[in-house]
Amino acid sequence: KQEVTQIPAALSVPEGENLVLNCSFTDSAIYNLQWFRQDPGKGLTSLLLIQSSQREQTSGRLNASLDKSSGRSTLYIAASQPGDSATYLCAVRGRDDKIIFGKGTRLHILP
Amino acid sequence: GAVVSQHPSWVICKSGTSVKIECRSLDFQATTMFWYRQFPKQSLMLMATSNEGSKATYEQGVEKDKFLINHASLTLSTLTVTSAHPEDSSFYICSATTPPTGARNEKLFFGSGTQLSVL
């Protein structure tokens, strides 16, 4: 049974710092991994999608990497801004087509 | 990008009443939509997969008669919480994938969610 873990559960950093969020999964047989952002009481916004054959994806200040063999992904946020404050979720799509989410990392950027 | 609209954003109801939540794909046709439930500070838990023109596929432990799902058209899926009770209070979110459905490289797009509070 696939399990997705996100560490840390919460993170506070000063504005301007670069930071890394971690996601690990127990079953490496996945189709893809997707990072989302969720603001309080809101739905999810897709940030980056990495296919199983890819190593990384970039969008603006965001860079996501995938090491499928070790069951890990990281989301790198450069030059953090207060507007980046949100909960970040990763989700993996397994061979059974089920999409499993981690519990998320609550990020707070200090102005 | 693809837009998924969910309505209402929040609802408060008395115990025993039924509540309907709508999920619409605004600029694409979604043959498959997904319904999730999220408790505070917890992850999303898939409740069911909604298939246009056929019965929904429910995850283990989700009561089919409690959570009625209808996917009558390619752009609309509804979730009805029947005879709601306080323990049904939660954040419900729908999602859809852009065509071609079934392609495993497709992105998930989410509605804005519905906060249900049952008194």
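The values are calculated or read from the model by the stated rules, or taken from the named source; none is laboratory data. Because the structure is a prediction, the values reported are computed rather than measured. Using ideal geometry, Cβ is built from the backbone for each residue, glycine included, and neighbour counts are taken over all protein chains shown.
Observations on the structure shown:
- Checking each residue in the range A:29-44 for being within 20 Å of B:Ser90 (Cβ to Cβ) and in contact with a strand residue (DSSP E or B) (Cβ under 6 Å, 6 or more places away or on another chain) picks out A:Phe36, A:Gln38, A:Asp39, A:Gly43, A:Leu44.
- Pick from the range A:83-105, criterion within 8 Å of another protein chain (Cβ to nearest Cβ) and either more than 22 Å from A:Ser24 (Cβ to Cβ) or among the charged types (D, E, K, R) (or both), ranking: surrounded by the most Cβ atoms within 10 Å (Cβ to Cβ): A:Arg93
- Residue in the range A:92-105 that is assigned to a loop (DSSP other than H, G, I, E, B) and farther than 16 Å from A:Val4 by Cα present: no
- Residue within the range A:16-30 that is buried (at least 16 other Cβ atoms within 10 Å of the Cβ) and under 25 Å from B:Tyr58 (Cβ atoms) present: yes
- Restricting attention to the range B:21-54, the residues being exposed (fewer than 15 other Cβ atoms within 10 Å of the Cβ), away from chain A (no Cβ under 13 Å) and not polar (S, T, N, Q) number 3.
- Scope the range B:37-76; condition basic (Lys, Arg) and in a strand (DSSP E or B); matching residues: B:Arg37
- Sub-9 Å Cβ pairs linking a first residue in the range A:1-17 that is within 14 Å of chain B (Cβ to nearest Cβ) to a second residue that is hydroxyl-bearing (Ser, Thr, Tyr) and assigned to a loop (DSSP other than H, G, I, E, B), at least 6 apart or interchain, are A:Lys1/A:Thr26; A:Gln2/A:Thr26; A:Glu3/A:Thr26; A:Val4/A:Thr26; A:Val4/B:Ser43; A:Thr5/A:Thr26; A:Gln6/B:Ser43, ordered by first then second residue.
- For A:Ser80: the one exception among (1) surrounded by fewer than 17 Cβ atoms within 10 Å (Cβ to Cβ); (2) part of a loop (DSSP other than H, G, I, E, B); (3) away from every other protein chain (no Cβ under 14 Å): (1)
- Residue among A:Leu75, A:Leu110 that alone is away from chain B (no Cβ under 14 Å), closer than 21 Å to A:Gly16 by Cβ and either charged (D, E, K, R) or under 12 Å from the mean Cα position of the chain (by Cα) (or both): A:Leu75
- Among the residues of this structure, A:Lys98 counts as one that is closer than 17 Å to B:Phe34 by Cα and of a type in the set (Lys, Arg).
- Any hit, the range A:14-30, residues being at pLDDT below 95 and in a strand (DSSP E or B): yes
- One residue from B:Phe34, B:Phe28 being part of a loop (DSSP other than H, G, I, E, B), within 24 Å of A:Phe36 (Cα to Cα) and not charged (D, E, K, R): B:Phe28
- Tallying residues that are farther than 24 Å from B:Val4 by Cα, within 13 Å of another protein chain (Cβ to nearest Cβ) and part of a strand (DSSP E or B) within the range A:35-56 yields 0.
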